[in-house]
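J.: Below you will find the structure I want to go over with you.
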Amino acid sequence: MFGSSGSRVLNVINISYLQSRSKRVWVRKPLGSPMAKSKIFRITPKPVIPEDEKAEMKRLFDNYKNSMKSLRQYFFEQSLKQAESGEVAQMKHRLEDQEHERLMEENLLENEKTAMLREERLKIQAEKTQKNVLASLIKKEREAKQHEIQIEDFLTKQMSTPFIKPENIEKAIEDALANPVNFNFALDLDGYVYRGKETSIDMIPEEKRERLNSN
């Protein structure tokens, strides 16, 4: 198929390197050639990347993704703006108007429903407040009556207590001087009372001793 010149070209390509002025020049091997036998079982070590460099690469890649996402969104919005003047835009506006009317109707129904619930809640709250106020008034009225009864009892006791009238004051003074009362008294650990400032415990028999009432 090839002439003498073609065979010479193949021979030149198949050699591993060429001599050029006493210097080896490596020639790329043909694409269809298999892997060299010396490299079949060779495992290329995974490159070790420092953590700071890895973090920087991740940051740059994230920035790239965000930038590309922003560009795609921008071009998409621009394409939508350009399409607004066409039939698609008119259809979109009609759909938006229909959706707006539907939402307005739903909002009106929801407002009516909320108003009914609010009226019922206010009615129940008003009834509850009325009951509480009525109960409070009844309680205050009952307490006022009890207070009046207590005042009447106190006044009755005060009226029954003997008072010294102006015309009897001299007689009361004479009675007080004739019957002196000594308010000095002492108590022991058993609750017995020893009246008088100079009263001795041994002078009063045990059966005649006065004891304070526990009540």
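J.: Can we say PHE41 is at pLDDT below 85 and outside any helix (DSSP H, G or I)?
T.: no
J.: Okay, next question. Take THR199 and tell me if it is hydroxyl-bearing (Ser, Thr, Tyr) and surrounded by fewer than 10 Cβ atoms within 10 Å (Cβ to Cβ).
T.: Considered against the rule, which asks whether it is hydroxyl-bearing (Ser, Thr, Tyr) and surrounded by fewer than 10 Cβ atoms within 10 Å (Cβ to Cβ), THR199 comes out as no.
J.: Does SER7 satisfy the criteria of being among the polar types (S, T, N, Q) and at pLDDT 65 or above?
T.: No, not satisfied.
Yes or no, residue by residue, for (1) of a type in the set (D, E, K, R); (2) touching a Ser or Thr at 6+ places or on another chain (Cβ under 9 Å):
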position: GLU112; (1), (2): yes, no
position: LEU122; (1), (2): no, no
position: GLU148; (1), (2): yes, no
position: ASN184; (1), (2): no, yes
position: LEU189; (1), (2): no, no
position: TYR192; (1), (2): no, no
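J.: Looking at GLU143, GLU167, GLU148, which one is surrounded by fewer than 10 Cβ atoms within 10 Å (Cβ to Cβ) and acidic (Asp, Glu)?
T.: Being surrounded by fewer than 10 Cβ atoms within 10 Å (Cβ to Cβ) and acidic (Asp, Glu) holds for just one of GLU143, GLU167, GLU148, which is GLU167.
J.: Determine whether ASN168 is among the polar types (S, T, N, Q) and assigned to a helix (DSSP H, G or I).
T.: yes
The values are calculated or read from the model by the stated rules, or taken from the named source; none is laboratory data. Every value quoted in this text rests on a predicted model; they were computed, and no experiment measured them. Positions of Cβ are generated from backbone atoms using ideal geometry, with glycine treated the same way; all protein chains shown enter the neighbour counts.
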